[in-house]
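Every read-out reported here was derived from the displayed coordinates using simple, explicitly stated rules and does not represent laboratory data. These figures come from a predicted structure and were not determined experimentally. Backbone-built Cβ (ideal geometry, glycine too); neighbour counts: all protein chains shown.
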Amino acid sequence: MLSSFDWTIICIYFLILLGIALSASRRQKTTTDYFLAGRNVGFFAIGASIFASNIGSEHIVGLAGQGASTGLAMAHYELHAWIVVLLAWVFVPFYYQSKVFTMPEFLEKRFGKEPRWILSIVSLTAYVLTKVSVTVYAGALVFQTLLPDTFGSPQNAFWVGAITTVTLTGLYTVAGGLRAVLYTDLLQTIILLIGSTAITYFGLIKLGGFNELRVFASENVAQYALWRPLSDPDFPWLGILIASPIVGIWYWCTDQYIVQRTLAAKDLKTARRGALLGAFFKIWPVLIFLIPGLIGAALNAKGILEIAIDKDGNIIGDQVFPTMVATLLPEGLRGLVVAGIIAALMSSLSSLFNSTATLFTLDIYKKIKPKVSEQKLVLIGRMATLVVVVFGLLWIPIMPMISKGGLYQYLQSVQGYLAPPITAVFLLGLFNSRINNKGATWGLSLGFIAGMLKLIIQAFFGKEKIANPELLAYIGDINFLYFSGILFLFCALLICLVSYQTELPDENQIDGLTYQTIDKDAIRESWDQKDIYATGVILGLVLAIYLYFSFWI
């Protein structure tokens, strides 16, 4: 299926990637070098890395699949560029001025050690059990579709692809640290945008133009519309409006996986501009990932493209993008797009590996052994990355079983249960100086417990599952979007109630870490009219896309 020219393109890509990683590996002497690239990274590399870290193989494969099966329902999560603008203007100044390495470290400065431990452990567990498994599974599925007979069978291609990409990514992340991640992300972003734009272009040509896509979508409005009625069981518009910002603020503004890129900037201005560039890149996934899925569904309906179906006769969404790559693209360009998919997989994994190593080394190991040397911490960080690689490989056999339950939507529900307590603690902690250690600890602890209980109940109780007791069945059937809002409200009220009923926080714990106490003059000096114009362009584009796709069919 891949020609010799395609393989040549892929090999050239990997050689360039290897050269970048080797170059970066020569500059790793301290924890600042290894985990934050010496805090001397330019805004373009930061912005590209934010985008590439977010857009993994599960986005390319999963979003195209969602586009084919549910249309633009997931577009609300992919139009979070406005939330990345919040990262740039609201959150980055606090993080950068505090000079922290990790988000748990920031929570300790603001609240104390208990919230730091809670966030560290939960983040590490979530990274290993969700992000590694999902990303690797989606990438391996591409190998299985594009190289079905190269390694003897499609199943062999799946395992070879999964193990190879996890291992290679782990090696260059271990060698080069965050600097390798940032600069390989820069290359991967370019390839990713070129490849995804190409598949959209060739798909539309084959379909007969964008108007043909509009006609197809208009014939299936209930399935492909951006806004779903309140009666929709999966994506009611009110639930989307409630849950999407909660999950978005957690992911884009408080998660180590994303925020670590901005902490590597050489100054606050660069950090903000890097986040703004990341916001600009984040505008385009709807057009280059979701729309190709719709194109694939339209081509399949016309008989131009043959996509695998399940036992019920429905399109297997995860097969849409790989099938389009294999069928529609010319030789050479096909290899470039495959390289882009591999780039997305490796980019997400490398970011995940480095963030996990940072969390373990600085938030757990250094807390246990505070007098450890800088060189030993870098070594521990590399060892932690290797451990994560091993866990990623061990989780590969679980991925096919998870995917049968609807992998992408399942992950959105997990995030809907994970995000509310973290979002509530960070927002209240930054904008209310009265919030204290006890409030944050209770909010995080009970919020996580409540979210995980909902997830467990949802797995076993509800319609077409266990119907008794009725209360558990009712809880199991509550839409994950609405529950996310309920959980956020519960955590926010609990945090405020406990904080206002207990002692005032120590002045050292709020100095420079709340809106009332931060150095506003330093922040004002860090931005100019260029930043204002860039923000206006980003928000204008988000609004334009929302308005267009709200009425396009």
Original post:
Amide H of Phe461: which non-local residues (sequence gap of 5 or more, or other chain) have their own amide H closer than 5 Å, using H built in the peptide plane?
Top reply: Ile466
Original post:
Mind ordering 280-289, 248-257, 470-479 by average Cβ neighbours within 10 Å, highest first?
Top reply: 248-257, 280-289, 470-479
Original post:
Convex hull over the Cα atoms of segment 244-352, averaged projected area in nm²?
Top reply: 9.5
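Suppose every K and R has +1 on its Cβ and every D and E has -1 on its Cβ; what is the size of the dipole of segment 407-518 about the Cα centre, in Debye to the nearest 20? Please list the in-between numbers first.
Values: 5 positive and 7 negative charges, 58 e Å.
In debye, rounded to 20, segment 407-518 gives about 280.
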Original post:
How large is ³J(HN,Hα) for each residue in segment 161-166, as worked out from phi by the Karplus curve 6.51 cos²θ - 1.76 cosθ + 1.60 (θ = phi - 60°), to whole Hz, x for Gly and Pro?
Top reply: x, 5, 5, 5, 5, 4
Original post:
What is the set of long-range amide H partners of Arg228 at a cut-off below 5 Å, with H atoms built 1.01 Å from backbone N?
Top reply: Trp237
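What number comes out for the charge environment of Ile83, summing +1 per Lys or Arg and -1 per Asp or Glu over other residues with Cβ under 13 Å away? Mind dumping the intermediate values first?
Values: positive: Lys282; negative: Glu78, Asp255.
Local charge sum for Ile83: -1.
Let's see if you can work this out: charge +1 on each Lys and Arg Cβ, -1 on each Asp and Glu Cβ, no other charges. What is the dipole magnitude of the chain about its Cα centre, in debye to the nearest 20?
Working: 38 positive and 34 negative charges, 271 e Å.
In total the dipole reaches around 1300 debye.
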Original post:
What shape does segment 461-548 take by its C-alpha gyration tensor, where a ≥ b ≥ c are the square roots of the eigenvalues and a/c under 1.5 counts as rounded, a/b above b/c as prolate, and the rest as oblate?
Top reply: oblate
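Hey, any idea what the orientation-averaged projected area of the convex hull of the chain's Cα atoms comes to, in nm²?
On the way: hull surface 99.3 nm².
Mean orientational projected area (the chain, Cα hull): 24.8 nm².
Note the full-extension length gain between Ile205 and Ile121 as 0.36 nm times their separation in residues minus their Cα-Cα distance, in nm to one decimal. Write out the running numbers ahead of the final one.
Working: separation 84, 0.36 × 84 = 30.24 nm, distance 4.88 nm.
Contour length minus the Cα-Cα distance gives 25.4 nm.
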Original post:
So which lysines pass the test for Lys454, namely a Cα distance under 17 Å, with those fewer than 8 places away in the same chain ruled out?
Top reply: Lys463, Lys465
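Going through the cross-link list Lys99/Lys131; Lys99/Lys520; Lys282/Lys302, which pairs have a Cα-Cα distance over 24 Å in this structure? Each step should come with its number before you reach the end.
Working: Lys99/Lys131 27 Å; Lys99/Lys520 16 Å; Lys282/Lys302 31 Å.
Table pairs above 24 Å Cα-Cα are Lys99/Lys131; Lys282/Lys302.
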Subject >> Computed [θ] at 222 nm, helices only, for the chain once each DSSP H run of length n ≥ 4 contributes -39500 (n - 2.57) >> reply: -23000 deg cm²/dmol
Subject >> Rounded to whole Hz, the Karplus (6.51, -1.76, 1.60) HN-Hα couplings of segment 308-317, x for glycine and proline >> reply: 4, 10, 8, 5, 8, x, 8, 4, 7, x
Original post:
Using θ = phi - 60° and the Karplus curve 6.51 cos²θ - 1.76 cosθ + 1.60, what whole-Hz ³J(HN,Hα) does each residue of segment 411-416 get, with Gly and Pro shown as x?
Top reply: 5, 4, 5, 4, 5, x
Subject >> Prolate/oblate/rounded label for segment 429-509 (Cα gyration tensor, a/c 1.5) >> reply: prolate
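Rank by packing, highest mean first: peptides 459-469, 235-245, with packing defined as the count of other Cβ atoms within 10 Å averaged across residues.
Numbers: 459-469: 11.9, 235-245: 19.5.
By packing density, highest mean first, the sequence is 235-245, 459-469.
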